[in-house]
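The values are calculated or read from the model by the stated rules, or taken from the named source; none is laboratory data. Model, not experiment: these values are computed from the prediction. Here the Cβ positions follow ideal geometry from the backbone for every residue, glycine too, while neighbour counts run over all protein chains shown.
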Amino acid sequence: MSHRLAIVVPCYNEEAVLRITASELSGILNRMVDEQLIDRDSYVLMVNDGSKDGTWQVIEDLHRSNPLLYKGIDLAHNRGHQNALLAGLMEVINHCDAAISIDADLQDDPLAMIEMVKRWHEGAEIVYGVRSSRETDTWFKRTTAHAFYSFQRSMGVDTVYDHADYRLMSQRALILLSEYREVNLFLRGIVPQIGLTTAIVEYKRGVRAAGESKYPLSKMLSFSIDGITSFSARPMRLIFLTGFTFLLITLLVAVYVFVAYLTGRTIAGWSSLMLSVWFLGSLILMGIGIVGEYIGKIFLEVKARPRYTIRQRLTED
Ligand code: UDP
Ligand code: MG
């Protein structure tokens, strides 16, 4: 069995760090080749995500210096980390036996790749890199990230805690991934749904080797909202539940209004107005929620996700 590995690196305005990253990654590839973990024709594929700086020139230089080791693709526009990553993974799908995705800034310890590849040899088809500590992230990033994971969980999105997009996927896992055709891409939610044998490798997250984070708070927020809305229709169900709760409260309010009316502690028009406001309010919310249920169904249909994944077949005659 061959073990050709592709390392896929999405790059957006990373000229400051890309050379360091490339030589680091090639060092690790060499080491794994020496230890006979991977084949000699393993390589690094850099995806230029419409950078505004000299990132693509760096990739071209690297490719010229060693065409077999360094490969690249250049996206016409900035499509965001997730799309750039997917473009890279789909590019290597027929040219590797497994691919590891890693950020360009080396915040995710590249040495963990060695463990990932070992887990792959042991039979895992998806190996998640999980941060064992976030000491080097700022307090703010850490807290917001954890709040984001818990919120997603509560909204019914199944993700791996403290796992970013540093992971190994076998070719089979990549092929299954390619069957998810949705445009609103949230890989961290999709990959767990593929459901092959998985493993986890822990590593310490470092600081950026150079350059600045491309994920300011505003992008993180829209990323987290994307993560929820492209996976779950639960927020819409919440509307219905709120409406229903209000309907129950309406009953209590009705008793209160009735008692107030009977004991004469009201002014003219108050009782009917109170009842109408509560009753109609809850009906409207429930109505929106019901419409939401149908929109939720439409949403899942248009995604046209694969309905099942066959893990193994024992069907020979
Ligand atoms: N990235 C990308 N397109 C974008 C933004 C980021 O390809 O629009 C890449 C970036 O080059 C890096 C990775 O995504 O390799 C993660 O970005 P970054 O390190 O800035 O995020 P952070 O680690 O701060 O969350
Ligand atoms: Mg980073």
Exercise. Being part of a helix (DSSP H, G or I), more than 16 Å from ligand 2 (Cβ to nearest atom) and touching a residue at least 40 places away in the same chain (Cβ under 8 Å) narrows it down to one of VAL157, VAL191, VAL201, so name that one.
Key: VAL191
Quiz prompt | Close pairs from the range 212-225: first within 23 Å of ASP158 (Cβ to Cβ), partner modelled with pLDDT under 80 and near ligand 1 (Cβ under 7 Å from one of its atoms), Cβ under 9 Å, at least 6 apart | solution = PHE223/TYR215
Quiz item: Inside the range 209-247, can you point out the residues that are part of a helix (DSSP H, G or I), over 30 Å from GLU125 (Cα atoms), aliphatic (A, V, I, L, M) and within 16 Å of ligand 1 (Cβ to nearest atom)?
Solution: LEU217, LEU221
Quiz item: Where in the range 31-130 are there strands (runs of 3 or more DSSP E), lying fully within it, with 1 or more residues that are of a type outside the set (A, V, I, L, M, F, W, C), in contact with a strand residue (DSSP E or B) (Cβ under 8 Å, 6 or more places away or on another chain) and more than 18 Å from ARG4 (Cα to Cα)?
Solution: 43-49, 70-75
Quiz item: Across the range 175-208, what is the total count of residues that are within 16 Å of ligand 1 (Cβ to nearest atom) and touching a Ser or Thr at 6+ places or on another chain (Cβ under 7 Å)?
Solution: 8
Quiz prompt | The lone exception for GLU122 - which of (1) more than 16 Å from ligand 1 (Cβ to nearest atom); (2) among the acidic types (Asp, Glu); (3) over 25 Å from LEU29 (Cα atoms) it fails | solution = (3)
Exercise. Kindly indicate whether any position in the range 25-41 is surrounded by fewer than 15 Cβ atoms within 10 Å (Cβ to Cβ), under 29 Å from the mean Cα position of the chain (by Cα) and at pLDDT 95 or above.
Key: yes
